[in-house]
Amino acid sequence: MAAFDANPSPMAARSLRGPLLTLLSGSSLTLVLAYLSQPVLTRLYTPEAFGVTDAFVALASLLLVVGTLRYEDALLLPENELEARGLLRLCLFMLLSTGLVWGVFSLWGAGLIQHLGGEALLPWALWLTPALWLMGSGRLAELWLMRREHFRTLAAGTALRTLSTTALRLAAGIPPVQTSASGLIGGFLAGHLSALLFYGWRLRRSGMSPATALPSLAFLAYRYRRFPLFTLPAALLNALSMRLPFLLLLTFFDAHVLGLFGRAFMVLSVPLNLLGGATGQVFFVRAASLRRQAQSLAHLTARVVKPLFQLGLYPTLLLVTLGPELFAFVFGAPWRQAGLYAGWIAPWLLLAGIASPLSRLFDVLERQRADFIASLFLFVLQTLALIAGGLRGNPEITLQLFGLAGFAGRAFQLGLLFHLAQLPQKAALALIGRYGLCSLPLVLILDSLAATITPALLFGLVVLSFLLYLALSTWVDRRHPWQA
């Protein structure tokens with residue numbers, strides 16, 4: 001496939017398809033459930049309820065980043081099993097401590113929480129501690145299963161989490177129950193609890209017994225100190241870049257605007273995160289193995305980039321041109337504005353979805369300083385854009401500036417990752433050009449027809465055009481293989 005590595009190593013050539021398809025089996029079910037439930041949920045819950053939930057999840061996600069001081073990112077690196085178990089114990093200790101610290105803070109930090117999220121978020125502040133413990137413990141279980149390459153268990157856990165979340169949210173929104181944000185947040189917590197219990201059961205069955213003579217926590221904390229020193233700031237900045245909009249939009253505007261933005265963000269981020277997350281899990285395992293063998297990562301990186309570009313580019317262009325029409329048909333007329341928001345942030349989220357799995361290169365190559373620089377650049381750009389727009393009091397201008405800043409920051413990060421993997425950057429530009437030429441004729445035809453046909457017919461044509469695009473781009477790839 002690629003000119004840069006005509007004879008890839010056995011580990012690089014070792015198929016990603018099996019583990020990736022196994023993970024995507026759970027992710028695909030997750031994607032279908034998430035999307036099928038959204039048109040129902042948007043008719044059961046108001047934008048304000050979604051706004052409060054999005055702010056809660058944003059804060060919980062930010063706490064998760066600092067939960068273990070990023071020692072979790074080192075779990076796949078030790079070859080020694082006792083050292084890995086010691087790291088797991090260190091991560092659990094850090095996670096417990098972080099949750100307790102937040103619990104104490106939430107009791108006297110009500111003023112700050114109220115400033116960030118208003119009155120609506122204040123009653124949920126204490127619930128962030130159990131949310132952190134559920135999410136963090138589940139993440140550690142996933143990493144331990146990844147270390148053992150138990151990809152089927154990971155796929156099943158992903159599906160179970162989404163099924164539990166969706167089922168409870170639907171049940172809580174249907175009359176006579178008909179809750180507000182409590183149903184959405186409760187479903188979120190229930191989903192993570194169900195996945196954690198399942199992972200715990202599977203780990204217990206796999207014979208993970210307590211080990212003795214583990215390395216001391218102090219030794220491990222010092223041995224992997226680069227992770228809290230460099231990976232943590234970079235990860236926190238990355239998370240702030242993704243989650244800060246939810247907090248600042250609530251600060252500058254209201255829960256209604258945040259709810260609209262949240263649905264736009266969800267429609268784009270769910271498929272990209274699921275595909276990128278599944279890809280990243282396999283990529284991390286394979287890249288760590290290649291690194292231990294002092295082998296090149298270019299071939300493996302190229303195999304990850306290509307399908308992500310191919311699958312993500314066409315839907316992104318569709319949302320840029322037809323977002324309001326598609327959102328109004330799928331979610332209902334009150335959500336038309338969310339489609340406009342989706343078009344403004346779609347290019348940023350496309351690059352974010354591609355950069356997410358590749359960002360493991362920073363950990364594998366122990367280039368945490370580079371990770372921090374890229375994350376700092378992205379964070380500064382997006383924060384300035386949000387503040388500049390928010391001070392003007394216009395959510396439309398705010399999100400336009402935010403999307404543009406995010407696109408620029410992620411483009412810089414991707415360029416840096418390609419450099420570290422020794423993958424020519426011009427190869428990525430050629431890939432965008434290839435799939436762009438396959439996309440543009442179809443997008444322009446649909447855009448010209450949008451004003452003259454019914455929304456239902458337009459939606460049907462969009463689905464058919466995506467299938468046509470996949471067939472066309474695959475045919476082009478076979479006739480003219482991509483040369484990196």
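Each value in this text was obtained by applying a stated rule to the coordinates, not by laboratory testing. Being a predicted model, the structure only gives us computed values, none of them experimental. Virtual Cβ from ideal backbone geometry, glycine too; neighbours counted across all protein chains shown.
Under the classification rounded if a/c is under 1.5, otherwise prolate if a/b is larger than b/c and oblate if not, where does segment 128-217 fall, given a ≥ b ≥ c as square roots of the Cα gyration tensor eigenvalues? Prolate shape, in that a/c is at least 1.5 and a/b is the bigger ratio.
Debye-formula intensities of segment 45-224, expressed as log10 I(q)/I(0) at q = 0.08, 0.10, 0.15 Å⁻¹, are -0.30, -0.46, -0.93 (one equal scatterer per alpha-carbon, no solvent). Volume per residue for the chain equals 141 cubic angstrom (convex hull of Cα atoms). The smallest convex shape that holds all Cα atoms of segment 359-454, its convex hull, gives 133 Å³ per residue.
In whole angstrom, note down how far apart the Cα centers of segment 170-189 and segment 417-477 are. The two parts, judged by their Cα centres, are 37 Å apart.
The alpha carbon centroids of segment 347-380 and segment 219-289 are separated by 10 Å. Ordering A430, A456, A471 by the projection of their Cα atoms onto the charge dipole of segment 353-484, which places +1 on the Cβ of Lys and Arg and -1 on the Cβ of Asp and Glu, puts A430 at the extreme positive end. Packing here is the average count of other Cβ atoms within 10 Å per residue, and on that basis the peptides 246-256, 38-48, highest first, run 246-256, 38-48. Ranked by the mean number of other Cβ atoms within 10 Å of their residues, highest first, the peptides 472-480, 192-200 fall in the order 192-200, 472-480.
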